[in-house]
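None of the figures in this text is laboratory data; all of them are computed from the coordinates on show. Everything numeric in this text was worked out from a predicted model, so none of it was measured. So basically every Cβ, Gly included, is an ideal-geometry build from the backbone, and we count neighbours across all protein chains shown.
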Amino acid sequence: TRSTRPQRLLKAVRKRATRGDPQSVISAIDHFCRHSEWAMNVGDEKGSILDSVVSELNPEKVLELGTYCGYSTVRIARLLPPGARLITLEFNADYAAIARQVIAWAGLEDKIQLVEGASEDWIPRMKEHFGIETFDFVFLDHWKDRYLPDTKLMEDCGLLRKGTVLLADNVICPGVPDYLEYVRNSLSYNSCYFKSHLEYTKAEDGLEKSVFLG
Ligand code: SAM
Ligand code: MG
């Protein structure tokens, strides 16, 4: 049977990227997605905005919602300080299996915990299961109808502290109107938009950065 897109993406990583070099893994995936097949990674253009937010925060506890093939996972983890931890959630077992290999190729297994399952099931178990007090940074990039309910769930579970930064991808394309309306109007957040383009295209998309004020 024909291979899947994630399998072909992994093959491109093995062919073009150097083991233990996260930047080469990122470049190999971007090259594959620009020249061979589009895939739903945050991509290089929005990725550089993601990089600046991560570098400025220097977070120690990071949560990512939606791993897919591990592109943004590698992108974030390569910038984390020693001892920092990134938990990434993915409910598709085939994608998770590919992501594990991409992460291993980048040599970042020590910083990353890939958890298989649905965000709505795992968010309430973060404290007991992973000993997390609160997250410093959360990257939201899973299915768009989950951004708002999962944000409220993280609030209710006490996973956000004053100063926690939420960064949401695809707020224009495909768009998350209910989430944007919530973070932009809630007195509990200070929110701003970073205009960019949908990964590997010229269509407008962007990231919304929202600081939780407690
Ligand atoms: N963040 C990745 C990147 O930029 O490289 C891309 C993630 S992709 C856009 C979204 C992923 O979220 C898919 O792989 C999907 O299976 C996963 N997903 C969607 N809803 C989820 C949920 N509720 N819990 C866990 N994973 C979910
Ligand atoms: Mg995205």
Can you tell me the length gained on complete extension of the stretch Trp143 to Arg161, counting 0.36 nm per residue apart and subtracting the Cα distance? 4.1 nm
Checked the stretch 69-210 against the a/c 1.5 cut and the a/b vs b/c comparison, axes a ≥ b ≥ c from its Cα gyration tensor; verdict oblate
Phi angles of the stretch 49-57, converted by Karplus (6.51 cos²θ - 1.76 cosθ + 1.60, θ = phi - 60°) into ³J(HN,Hα) in whole Hz with x for Gly and Pro, give 5, 4, 4, 5, 5, 5, 5, 5, 7
For the stretch 67-171, what does the relative contact order come out to in percent, with C-alpha contacts under 8 Å and a separation of six or more? 25
In terms of the alpha carbon gyration tensor, root eigenvalues a ≥ b ≥ c, rounded if a/c is under 1.5 and otherwise prolate when a/b exceeds b/c or oblate, the stretch 97-166 is prolate
What is the antiparallel percent of DSSP beta bridges lying wholly in the stretch 57-214, to the nearest 5? 40
Return the long-range amide H neighbours of Thr88 (sequence gap of 5 or more, or a different chain), with a cut-off of under 5 Å between placed amide H atoms. Glu64, Gln113, Leu114, Val115
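Compute the Cα gyration tensor for the stretch 141-214, then decide on rounded, prolate or oblate, letting a ≥ b ≥ c be the square roots of its eigenvalues: rounded whenever a/c is under 1.5, prolate when a/b is larger than b/c in the other cases, and oblate in all that remain. Before the final figure, lay out each step's value.
Values: a/c = 2.25, a/b = 1.77, b/c = 1.27.
It comes out prolate by the Cα gyration axes.
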Ranked by Cβ crowding within 10 angstrom, fewest neighbours first, how are Glu90, Glu208 ordered? Glu208, Glu90
In whole Hz and in residue order, list the ³J(HN,Hα) couplings for the stretch 174-188 that follow from phi through the Karplus curve 6.51 cos²θ - 1.76 cosθ + 1.60, θ = phi - 60°; x for Gly and Pro. x, x, 9, x, 5, 5, 4, 4, 5, 5, 7, 9, 6, 6, 7
Please arrange Ser188, Ser3 by how many other C-beta atoms lie within 10 Å of their C-beta, fewest to most. Ser3, Ser188
What is the extension gain from Arg125 to Cys192, computed as 0.36 nm multiplied by their sequence separation minus the C-alpha to C-alpha distance, in nm to one decimal? 21.2 nm
One finds, for Asp21 and Asn92 with R0 = 35 angstrom and r their Cβ-Cβ distance, a FRET efficiency to the nearest 0.05 of 0.85
Helix 93-106 axis, angle to the chain major axis (alpha carbon atoms, nearest 10°): 70
GNM, the chain, Cα, under 10 Å: largest mean-square fluctuation among Ile132, Ile172, Ile29? Ile132
Using helices alone, I'd like the mean residue ellipticity at 222 nm for the chain: each DSSP H run of four-plus residues gives -39500 (n - 2.57), total over residue count, nearest 500. -12500 deg cm²/dmol
So the angle from the long Cα axis of helix 5-16 to the longest Cα principal axis of the chain, reported in degrees to the nearest 10, equals 60
Acute angle (nearest 10 degrees) that the helix 147-156 long axis makes with the longest principal axis of the chain, alpha-carbon atoms: 50
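For Cα pairs less than 8 Å apart in space and 6+ apart in sequence, what is the mean separation divided by the residue count of the stretch 120-207, i.e. the relative contact order in percent?
26
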Backbone HN-Hα couplings from phi across the stretch 199-214 [Karplus 6.51/-1.76/1.60, Hz, Gly and Pro as x]: 2, 6, 9, 9, 6, 5, 8, x, 10, 10, 9, 10, 8, 6, 9, x
